[in-house]
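To start, the structure itself, in structure tokens.
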Amino acid sequence: METISIRKVGQADLETLRQLSIKTFRDSFADANSKEDIDTYIAESRSTDRIASEFANPESKFYFAVSVEQPVGYMKLNRGMAQNECKDENAMEIQQIYVDKGFQNLRIGQSLLDVAFDHASNLQLDFVWLGVWEHNHDAIRFYEKNGFVVFGKHDFRLGKDLQTDLLMKKQFIERYENTNDLG
């Protein structure tokens, strides 16, 4: 079994992050979308300037999953105003979580998700949320298995194609109205 470690992405890693994000996005969605739409989306969302700008946002964090010193997956977490929809201070968005096609089924996605859950727990957040394409049934099942439930939808533009993402969240902390119930 491959030994996988998770580490924070550093400034010197931005081009590696950009290349991995392009590869994993193409691998994930090229078969179900037009080349033109994929190319347009990548040009807009995966440019060097865009990645650098997102990395510079103090409310966003990127993590690599690494095998033999080579990044094979990554995740982007957003807090506060960096979140795309629910700009809730007691929440965190998993905006991107991708694993290289050749390394899938090694529980790397689970390892990245566990890092997000640890952050949420340590920060005592109410919930973690994400958006997932409504036709990405494998990902939806994976998130459901991890305690996520659908709470809404939003539009996602991929090139000229307007698609629908399901918004899913996992609750973390239940706030008690009556502290006398705690003993």
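Cβ crowding within 10 Å ranks GLU93, GLU59 as GLU59, GLU93, fewest other Cβ atoms first.
Rounded to the nearest whole Hz, the Karplus-based 3J(HN,Hα) values (6.51 cos²θ - 1.76 cosθ + 1.60, θ = phi - 60°) of the stretch 162-167 follow the sequence 8, 10, 10, 9, 7, 8, with x at glycine and proline. For the pairs LYS23/LYS145; LYS8/LYS87; LYS101/LYS145; LYS8/LYS160; LYS35/LYS145, note any where the Cα-Cα span goes beyond 28 Å. Correct reply: LYS8/LYS160; LYS35/LYS145. Projecting the Cα atoms of ILE38, GLY10, ALA120 onto the charge dipole of the stretch 4-174, computed from C-beta unit charges around the Cα centre, puts GLY10 farthest toward the positive end. Counting only Cβ charges, +1 for Lys and Arg and -1 for Asp and Glu, the dipole size of the stretch 4-174 around its Cα centre is about 280 debye. Given axes a ≥ b ≥ c from the Cα gyration tensor, I'd like to know whether the chain is rounded (a/c under 1.5), prolate (a/b larger than b/c) or oblate. In terms of gyration-tensor shape, prolate. Of the beta bridges in the chain, as assigned by DSSP with both residues counted there, near 90 percent are antiparallel. Fully extending the segment from GLU134 to ALA32, taken as 0.36 nm per residue of separation minus the present Cα-Cα distance, adds 35.5 nm. With contacts taken as Cα pairs under 8 Å and at least 6 residues apart, the chain reaches a relative contact order of 19 percent.
The gain in end-to-end length when the GLU144 to LYS8 segment is fully stretched comes to 46.4 nm, 0.36 nm per residue minus the alpha carbon separation. In the chain, helical runs assigned H by DSSP with n ≥ 4 each contribute -39500 (n - 2.57); averaged across all residues and rounded to the nearest 500, the mean residue ellipticity at 222 nm is -10000 deg cm²/dmol.
Each of THR24, THR48, THR40 was scored by other Cβ atoms within 10 Å of its Cβ. Listed from fewest to most, they are THR48, THR40, THR24.
No lab work stands behind these numbers, since they all come straight from the coordinates. Quick caveat: nothing in here was measured; it's all calculated off a predicted structure. Please note: Cβ atoms are built from the backbone with ideal geometry, for glycine as well, and neighbour counts cover all protein chains shown.
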